[in-house]
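**Student:** Questions regarding the structure given below will be posed in turn.
The values are calculated or read from the model by the stated rules, or taken from the named source; none is laboratory data. Because the structure is a prediction, the values reported are computed rather than measured. Cβ: placed from backbone, ideal geometry, glycine included. Neighbour counts: every protein chain shown.
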Amino acid sequence: MDRLWAPWRMAYIKNPGKSDENFITRCDKETSDRENLVVLRTDLSIVLLNRYPYNNGHLLVAPRREVADFGHMTDAELLDSQKVLRNMIGALSKLLKCEGCNVGLNLGKAAGAGLPQHLHWHIVPRWNGDTNFMTTVGDARVIIESLDEMWLQLRRALNLPAA
């Protein structure tokens, strides 16, 4: 029998949702950035570590305002989110020495959006040869660092307080 250790999932199982708000909006309103894995906020954008990452350093970048598609974003929100994407890719590249990143956006439920009412980009750091036996044989990903430690490292890389 294969065993995969993912202790952070128990918190979700025990308390899957604190309100009717989506998780991005909820995390933006709550005070504990560390607990909510909020890496960065600008006036218009928010960056969170993905709780169920595809790879180490998997980030979500979203407008702070709940918006479902590009047509409803202001020019300022669109520009800010793109600058944040650029800065976070740079921070991940420097911190993790990744050799590339997948950047993706699923618009609408039909496109695979898990949170269709609040668009968000995924940034997934990648390395040459990062597919290993766990991925190819076990159909599983190995995440080598805790989300809390990754949050700390990203905050330090961005010269933000780790509190």
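**Student:** Run down VAL124, VAL61 and say which single residue is of a type outside the set (Ser, Thr, Tyr), surrounded by 17 or more Cβ atoms within 10 Å (Cβ to Cβ), in contact with a strand residue (DSSP E or B) (Cβ under 7 Å, 6 or more places away or on another chain) and modelled with pLDDT under 95.
**Tutor:** Result: VAL124 is the single residue among VAL124, VAL61 that is of a type outside the set (Ser, Thr, Tyr), surrounded by 17 or more Cβ atoms within 10 Å (Cβ to Cβ), in contact with a strand residue (DSSP E or B) (Cβ under 7 Å, 6 or more places away or on another chain) and modelled with pLDDT under 95.
**Student:** Can we say GLU21 is surrounded by 12 or more Cβ atoms within 10 Å (Cβ to Cβ), of a type outside the set (A, V, I, L, M, F, W, C) and at pLDDT 95 or above?
**Tutor:** no
**Student:** Specify which of the listed residues (GLU30, GLU35) is of a type in the set (Asp, Glu) and either surrounded by 18 or more Cβ atoms within 10 Å (Cβ to Cβ) or over 24 Å from PRO125 (Cα atoms) (or both).
**Tutor:** After ruling out the rest, the residue left standing is GLU30.
**Student:** Can you tell me which residues in the range 48-72 are without any contact (Cβ under 8 Å) to a residue 60 or more places away in the chain and touching a Leu at 6+ places or on another chain (Cβ under 8 Å)?
**Tutor:** Within the range 48-72, LEU48, ALA62, PRO63, ARG64, ARG65, VAL67, ALA68, ASP69, PHE70 qualify.
**Student:** If the requirement is being at pLDDT 95 or above and touching a strand residue (DSSP E or B) at 6+ places or on another chain (Cβ under 8 Å), which of these qualifies: ASP28, ASP75, ASP80, ASP43? So that I can check it myself, show each step before the final result.
**Tutor:** Working: ASP28 fails: at pLDDT 95 or above; ASP75 fails: touching a strand residue (DSSP E or B) at 6+ places or on another chain (Cβ under 8 Å); ASP43 fails: touching a strand residue (DSSP E or B) at 6+ places or on another chain (Cβ under 8 Å).
Matching residue, one of ASP28, ASP75, ASP80, ASP43: ASP80.
**Student:** The conditions are (1) among the hydrophobic types (A, V, I, L, M, F, W, C); (2) more than 17 Å from the chain's Cα centre (by Cα); (3) surrounded by 12 or more Cβ atoms within 10 Å (Cβ to Cβ), and VAL103 fails exactly one of them. Which is it?
**Tutor:** Result: VAL103 passes all but (2).
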